[in-house]
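Reading through the structure tokens given below for one structure.
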Amino acid sequence: MAGFDATTYGERFADVYDDWYHDVTDTGSCVDAVVALAHRSAGAGNMSSVLELGVGTGRLAIPLAEAGASVTGLDASHAMLDALAAKPGGDGVRTVLGDMVDPPLGPDATFDVVLVAYNTLFNLVGEGQQERCLRRSAELLAPGGAVVIEAFVPATDAASGDSVTTRQVTADRVVLSVNRTDADGRLAMGQYIDISEQGIRLRPWQIRWATPSDLDAMATSAGLVLDERWADWDRSPFTSDAPAHISVYRKRP
């Protein structure tokens, strides 16, 4: 999408993100699962550490910190990180401004879990960017640590085309969703056109999707191996008809 870069999504969505996406997944179950994985790596009696890539407004990072983990949140958007810092508990999360393709962290930085939640990896649409992110994530793992990815499972019958739908209609506001899908390129992009008496806000987004097997191949190239895969944060068994997956990767022995 012309004019779209690593900062665009966060800068355009920060003011509505919590309202629109606060309930996209079960936060409590996610926090429990990630803390358990981090504790497994850190060992008894040690504080576990979590790096969340694309931390946004802290939907997961703040409760992870409140659960006792040392949490670092990285995002390319000043607006997202400002929203996180303004929340109760936001000061419990160390924030880093940067691109998750190559997180600007020191050479000695290590984490028990690197978390890439709710399709965030798919926001990387450039050639090889998702694999580079996984490779850098693997480099940041402490011994026994895990890279955890949450993503939807793409439909096998996805079709190319354009669509316009209505997200919201009230007396004071209309939000339209304009989407374009390139099934062959595994690309989707769109705009939320947010119309109110205050004016018009454009909220663009774009993703490049990957199947679970695609992610496994990228992880292998990055020096990781699939350890577990669940259908949800309650750790339900993953099946062929599951609409989403949580995949846990560890460094190859």
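The values are calculated or read from the model by the stated rules, or taken from the named source; none is laboratory data. For clarity, every value in this text was computed on a predicted model and none was experimentally measured. Here Cβ is always computed from backbone atoms with ideal geometry, including for glycine, and neighbour counts include all displayed protein chains.
Go through (1) touching a Ser or Thr at 6+ places or on another chain (Cβ under 6 Å); (2) under 18 Å from residue 114 (Cβ atoms) and name the single condition residue 30 misses.
(1)
Taking residue 201 as meeting all but one of (1) charged (D, E, K, R); (2) assigned to a strand (DSSP E or B); (3) loosely packed, with under 14 Cβ neighbours inside 10 Å, write down the number of the exception.
The number of the failed condition is (3).
Which of (1) out of contact with any strand residue (DSSP E or B) (no Cβ under 9 Å at 6 or more places or on another chain); (2) over 17 Å from residue 120 (Cα atoms) is the odd one out, the single condition residue 237 does not satisfy?
(1)
Considering every residue within the stretch 213-231, establish whether at least one is within 20 Å of residue 114 (Cβ to Cβ), in the same structural domain as residue 133 (by TED's automatic domain parsing), in contact with a Ser or Thr (Cβ under 7 Å, 6 or more places away or on another chain) and not aliphatic (A, V, I, L, M).
yes
Among the residues of the stretch 7-45, how many are out of contact with any strand residue (DSSP E or B) (no Cβ under 9 Å at 6 or more places or on another chain) and farther than 30 Å from residue 202 by Cα?
7
Which is in contact with a strand residue (DSSP E or B) (Cβ under 9 Å, 6 or more places away or on another chain), surrounded by fewer than 23 Cβ atoms within 10 Å (Cβ to Cβ), in the same structural domain as residue 46 (by TED's automatic domain parsing) and not in a loop (DSSP other than H, G, I, E, B), of 72, 95?
Selected residue: 95, the only one of 72, 95 that is in contact with a strand residue (DSSP E or B) (Cβ under 9 Å, 6 or more places away or on another chain), surrounded by fewer than 23 Cβ atoms within 10 Å (Cβ to Cβ), in the same structural domain as residue 46 (by TED's automatic domain parsing) and not in a loop (DSSP other than H, G, I, E, B).
Show the residue pairs meeting these rules: Cβ distance below 7 Å; 6+ apart or different chains; first residue within the stretch 116-144 and in the same structural domain as residue 100 (by TED's automatic domain parsing) and part of a helix (DSSP H, G or I); second residue crowded, with 20+ Cβ neighbours inside 10 Å and of a type in the set (Val, Ile, Thr).
Cβ pairs passing all conditions: 121/149; 122/207; 123/207; 134/147; 137/114; 137/147; 138/147.
Condition first: in a strand (DSSP E or B) and free of Cβ contacts under 8 Å to residues at least 24 places away in the same chain. Now tell me which residues in the stretch 152-172 satisfy that.
If the condition is that a residue be in a strand (DSSP E or B) and free of Cβ contacts under 8 Å to residues at least 24 places away in the same chain, then 161, 162, 163, 164, 165, 166, 168, 169 are the ones that fit.
Return a yes/no flag: does the stretch 141-156 have any residue that is over 21 Å from residue 32 (Cβ atoms) and crowded, with 24+ Cβ neighbours inside 10 Å.
Checking the stretch 141-156: not a single residue is over 21 Å from residue 32 (Cβ atoms) and crowded, with 24+ Cβ neighbours inside 10 Å.
May I ask you to verify whether residue 114 is within 16 Å of residue 64 (Cβ to Cβ), touching a Ser or Thr at 6+ places or on another chain (Cβ under 6 Å) and of a type in the set (A, V, I, L, M)?
Yes: the conditions hold for residue 114.
Suppose we keep only residues that are surrounded by fewer than 20 Cβ atoms within 10 Å (Cβ to Cβ) and among the β-branched types (Val, Ile, Thr) within the stretch 98-121. Which one would you say is farthest from residue 23 (Cα to Cα)?
110
To keep it simple, each residue is scored yes or no on (1) under 23 Å from residue 60 (Cβ atoms); (2) of a type in the set (Gly, Ala, Ser).
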| residue | (1), (2) |
| --- | --- |
| 194 | no, no |
| 203 | yes, no |
| 210 | yes, yes |
| 213 | no, yes |
| 217 | no, yes |
| 230 | yes, no |
| 248 | yes, no |
